[in-house]
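The values are calculated or read from the model by the stated rules, or taken from the named source; none is laboratory data. Source: prediction; values computed, not measured. Using ideal geometry, Cβ is built from the backbone for each residue, glycine included, and neighbour counts are taken over all protein chains shown.
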Amino acid sequence: MATDRSELAEYEYRKIRAQILAASDICIMCGHPGSDAADHVIPVKRGGARKDPGNLAPIHGVEGCPTCGRKCNNDKGDKLLSEVKHLVTSVDWYAGP
Ligand SMILES: [Zn+2]
Ligand SMILES: [Zn+2]
């Protein structure tokens with residue numbers, strides 16, 4: 001999580017997040033409903049658009065998923081979905097190393 005975002009950027013992000021979650025709350029990581037955050041499909045660090053709704057998708061945030069308990073946004077981090085999706089689909093519950 002970046003801590004250097006300006007308040008304006010934070011406000012704009014919240015507006016876009018509300019838009020994304022109004023359209024769908026199905027998490028891109030685990031596929032369960034109840035997402036409370038939006039995450040960049042292509043991370044900004046990898047060249048993804050920061051404020052393009054087309055690059056944002058619903059994901060479970062700090063509260064985690066109420067269905068499977070995963071912290072999906074934590075699991076994804078700054079990786080591409082294709083790099084982390086297998087963690088979710090191949091391992092039922094990843095408890096750590
Ligand atoms: Zn999830
Ligand atoms: Zn889930």
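Name the one entry in VAL88, VAL41 that is of a type in the set (A, V, I, L, M), crowded, with 16+ Cβ neighbours inside 10 Å and at pLDDT below 90. Step through it out loud before you land on a result.
Numbers: VAL41 fails: at pLDDT below 90.
Of the residues listed, the single one that is of a type in the set (A, V, I, L, M), crowded, with 16+ Cβ neighbours inside 10 Å and at pLDDT below 90 is VAL88.
Would you pick out the residues in the range 6-21 that are assigned to a helix (DSSP H, G or I) and out of contact with any Leu (no Cβ under 8 Å at 6 or more places or on another chain)? Even if it seems obvious, please write down each step before you answer.
Taking the range 6-21 first, the residues assigned to a helix (DSSP H, G or I) are 7-21.
Correct list: GLU7, LEU8, ALA9, GLU10, TYR11, GLU12, TYR13, ARG14, LYS15, ALA18, GLN19, LEU21.
Pairs under 9 Å by beta carbon, first residue free of Cβ contacts under 8 Å to residues at least 40 places away in the same chain and among the hydrophobic types (A, V, I, L, M, F, W, C) in the range 44-70, partner away from ligand 2 (no atom under 16 Å from the Cβ) and assigned to a loop (DSSP other than H, G, I, E, B), six or more apart or different chains?
Within 9 Å, the pairs are VAL44/ALA2; VAL44/ARG50; VAL44/ASP78; ALA49/ILE42; ALA57/VAL41.
For the range 6-52, what are the residues that are closer than 16 Å to ASP78 by Cα and away from ligand 1 (no atom under 16 Å from the Cβ)?
Once the filter is applied, which keeps residues that are closer than 16 Å to ASP78 by Cα and away from ligand 1 (no atom under 16 Å from the Cβ), the range 6-52 yields ILE42, PRO43, VAL44, LYS45, ARG46, GLY47, GLY48, ALA49, ARG50, LYS51.
For the range 22-72, which positions are outside any loop (DSSP other than H, G, I, E, B), more than 8 Å from ligand 2 (Cβ to nearest atom) and under 11 Å from the mean Cα position of the chain (by Cα)?
Of all residues in the range 22-72, those outside any loop (DSSP other than H, G, I, E, B) come to 22-23, 37-40, 44-46, 53-59, 72.
Subset that is more than 8 Å from ligand 2 (Cβ to nearest atom): 22-23, 37-40, 44-46, 53-59.
Scanning the range 22-72 gives ALA37, ALA38, ASP39, HIS40, ASN55, LEU56, ALA57, PRO58, ILE59.
Would a scan of the range 16-36 turn up a residue that is acidic (Asp, Glu) and surrounded by 14 or more Cβ atoms within 10 Å (Cβ to Cβ)? Working first, answer last.
Step one: list which residues in the range 16-36 are acidic (Asp, Glu), which gives 25, 36.
After this cut, where a residue has to be surrounded by 14 or more Cβ atoms within 10 Å (Cβ to Cβ) as well, the list is 25, 36.
Yes, the conditions are met somewhere in the range 16-36.
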